[in-house]
Amino acid sequence: MALVDDGRLSYQQLANQVHLSANSTADRIRRLRQRGVLAGVHAEVGLEALGHSLQSLTDIKLRESVDRRQFERDLEGVHQVLSAIHTTGEFDYQLWTANANTDELQTVIDVLRELGARDIQSRIVLGEIKFNAARLLNRD
């Protein structure tokens, strides 16, 4: 968990916390990366600091004629879309967007319609509780 809390720790700093040698710690981290348990170390970007404080969850139902894979490729050009989850149920996708204001959200919705969205339902995010997938390691 120490590495999850601070991905910038050196092998020596991490080794001191887990009571192993730096070499043993480095070997374990390499094995975790090879097995895909550690998928990467990332910096978290502050959306509000970038002027994108209006976040939304937007459900998308595609028109029948739209190719899903092409829609996904096209989403890469919509920079406000931070995540696109392909889902089952009434809607095909749930998008997480970050926008400067409601005008920008409306522009994103217009672009989504051009890309093939038939039905769109957006909800403004009022707050978020984030959990790291590392919590699955604690199965006490």
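Each value in this text was obtained by applying a stated rule to the coordinates, not by laboratory testing. None of these values were measured; they are calculated from a predicted model. We place every Cβ from the backbone using ideal geometry, glycine too, and count neighbours over all the protein chains shown.
General remarks:
- Here PHE71, PHE131 are placed in order of increasing Cβ neighbour count within 10 Å, fewest first, which gives PHE131, PHE71.
- Note on HIS19/ALA134: beta-carbon distance plugged into 1/(1 + (r/R0)^6) with R0 of 25 Å gives a FRET efficiency of 0.80.
- Equivalent ellipsoid semi-axes, the range 48-124, via Cα gyration tensor eigenvalues times 5, rooted, Å: 21, 12, 11
- Magnitude of the charge dipole, the range 13-66, Cβ model with Lys/Arg +1 and Asp/Glu -1, debye to 20: 400
- The residue among VAL78, SER24, VAL108 whose Cα reaches farthest toward the positive pole of the charge dipole of the chain, with charges on the beta-carbon of Lys, Arg, Asp and Glu, is SER24.
- The range 1-93: GluC sites (Glu not before Pro) in DSSP loop, at most 16 other beta carbons within 10 Å: GLU44, GLU64, GLU76, GLU90
- Estimated distance in nm for a label pair at ASP5 and ASP110, the labels positioned 7 Å out from Cα along Cα-to-Cβ: 4.9
- In terms of other Cβ atoms within 10 Å, LEU3, LEU126 run from fewest to most in the order LEU126, LEU3.
- For the range 35-48, backbone phi angles converted through the Karplus equation (6.51, -1.76, 1.60; θ = phi - 60°) give residue-by-residue couplings of 7, x, 5, 9, 8, x, 10, 10, 8, 8, 8, x, 4, 5 Hz, Gly and Pro being listed as x.
- Charge dipole of the chain (Cα centre as origin; +1 on each Lys and Arg Cβ, -1 on each Asp and Glu Cβ, all else neutral): 840 debye, rounded to the nearest 20.
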